[in-house]
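Undergrad: After the structure tokens below, expect a handful of questions from me.
The values are calculated or read from the model by the stated rules, or taken from the named source; none is laboratory data. This is a predicted model, so every value here is computed, not measured. Every residue, glycine as well, gets a Cβ built from its backbone with ideal geometry; the counts of neighbours run over all protein chains shown. What goes into the accessible areas is simple: the full protein's heavy atoms, side chains included, and nothing from ligands, DNA or RNA. Shrake-Rupley method; radii C 1.70, N 1.55, O 1.52, S 1.80 Å.
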Amino acid sequence: MKKKILLIFSTIIIIFSIGFVYMTQFYSSTGFDRKEEKVVKHGFRLLEEQLGLYIKENYSGISKIEFSPIFIQGGEDNPPFSAEVVPVIYDEEGNRAVFGTLIGNHLYASYGIPYSIYLDLDEEDTEYILLRDSNEEHIEVSNYNKLPKEAKLTSNPPIDENIIGLLDDGQLKKIGKNSAGSPNAKIRYNLEIRRGNRLEWD
């Protein structure tokens with residue numbers, strides 16, 4: 001009887017140990033371990049803030065700015081790896097428009113790896129995060145939880161072109177580029193990581 005109880009107890013401990021390792025290392029359906037997922041969320045939080053503040057501070061007529069999930073494709077077993085996010089804006093009439101879509105024959109940009117942000121972990125699992133500034137220079141933001149002043153954008157032609165395209169297509173109305181911006185616009189960040197193609201999301 002004692003042997004049976006000991007066997008059951010040992011089995012429970014083994015199952016618990018396996019579950020603990022799984023939860024601490026590979027708990028995500030994305031295939032990332034905890035540290036990889038953490039650096040992706042940290043980096044994209046700063047990227048979304050960079051993009052959201054540029055739109056808010058340089059365009060009037062905007063009531064809200066949101067972001068898509070972080071869409072990832074590829075990985076070590078299926079290169080190349082990419083991670084992309086797209087802004088979503090609402091004008092003051094409530095019209096909603098998604099960036100990075102096809103309008104006419106023009107496919108507008110999304111933002112992420114490998115063009116807008118660089119993410120890495122060194123051998124000691126220290127995060128390394130680089131954002132591009134308005135001069136296409138890399139700025140390290142690894143140690144920041146909020147966007148540092150030197151990483152703020154003063155220009156971004158892909159965003160400007162996309163807003164013009166959305167206005168011309170009638171998806172947005174009464175939005176204009178000026179220094180007054182939209183000080184009352186709300187920014188909602190989205191750090192959900194999802195495997196898939198951002199073009200399939202709207």
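Undergrad: Could you please let me know if Ile159 is in contact with a helix residue (DSSP H, G or I) (Cβ under 7 Å, 6 or more places away or on another chain) and either outside any loop (DSSP other than H, G, I, E, B) or without any contact (Cβ under 8 Å) to a residue 24 or more places away in the chain (or both)?
TA: Yes; evaluated as a whole, the condition is true for this residue.
Undergrad: May I ask you to say which residue of Glu49, Glu84, Glu136, Glu57 is open to solvent by 30 Å² or more (accessible area, probe 1.4 Å) and under 17 Å from Ile193 (Cα atoms)?
TA: Of Glu49, Glu84, Glu136, Glu57, the one residue that is open to solvent by 30 Å² or more (accessible area, probe 1.4 Å) and under 17 Å from Ile193 (Cα atoms) is Glu84.
Undergrad: Of the numbered conditions (1) free of Cβ contacts under 8 Å to residues at least 12 places away in the same chain; (2) part of a helix (DSSP H, G or I); (3) not hydroxyl-bearing (Ser, Thr, Tyr), Glu150 satisfies every one except a single condition; which is it?
TA: Against the list (1) free of Cβ contacts under 8 Å to residues at least 12 places away in the same chain; (2) part of a helix (DSSP H, G or I); (3) not hydroxyl-bearing (Ser, Thr, Tyr), Glu150 comes up short only on (1).
Undergrad: While we're here: Of the residues that make up region 161-171, is at least one closer than 17 Å to Ile70 by Cα, hydrophobic (A, V, I, L, M, F, W, C) and modelled with pLDDT of 95 or more?
TA: Within region 161-171, not a single residue is closer than 17 Å to Ile70 by Cα, hydrophobic (A, V, I, L, M, F, W, C) and modelled with pLDDT of 95 or more.
Undergrad: Tally time: how many residues in region 108-126 are in a strand (DSSP E or B) and either more than 19 Å from the chain's Cα centre (by Cα) or crowded, with 17+ Cβ neighbours inside 10 Å (or both)?
TA: 5
Undergrad: Just need a number here: residues in region 183-200 that are under 23 Å from Leu107 (Cα atoms) and either assigned to a loop (DSSP other than H, G, I, E, B) or open to solvent by 80 Å² or more (accessible area, probe 1.4 Å) (or both).
TA: The qualifying residues number 7.
Undergrad: While we're here: Can you find a residue that is more than 27 Å from Val40 (Cα to Cα) and open to solvent by 30 Å² or more (accessible area, probe 1.4 Å) anywhere in region 94-101?
TA: yes
Undergrad: Taking interchain pairs and intrachain pairs at least six residues apart, which have beta carbon atoms under 6 angstrom, with the first residue in region 89-113 and over 30 Å from Tyr128 (Cα atoms) and the second in a loop (DSSP other than H, G, I, E, B) and open to solvent by less than 30 Å² (accessible area, probe 1.4 Å)?
TA: As it stands, the answer is Asp91/Gly61; Asp91/Leu172; Asp91/Ile175; Glu92/Gly61; Asn95/Leu172; Ala97/Leu172, since those pairs meet every condition given.
Undergrad: Please determine whether any residue of region 63-75 is open to solvent by 80 Å² or more (accessible area, probe 1.4 Å) and either under 18 Å from Glu200 (Cα atoms) or not polar (S, T, N, Q) (or both).
TA: No, there is no match, as no residue in region 63-75 is open to solvent by 80 Å² or more (accessible area, probe 1.4 Å) and either under 18 Å from Glu200 (Cα atoms) or not polar (S, T, N, Q) (or both).
Undergrad: Quick check on Lys152: is it modelled with pLDDT of 95 or more, among the basic types (Lys, Arg) and farther than 24 Å from Phe71 by Cβ?
TA: Judged against the criteria, Lys152 is a match.
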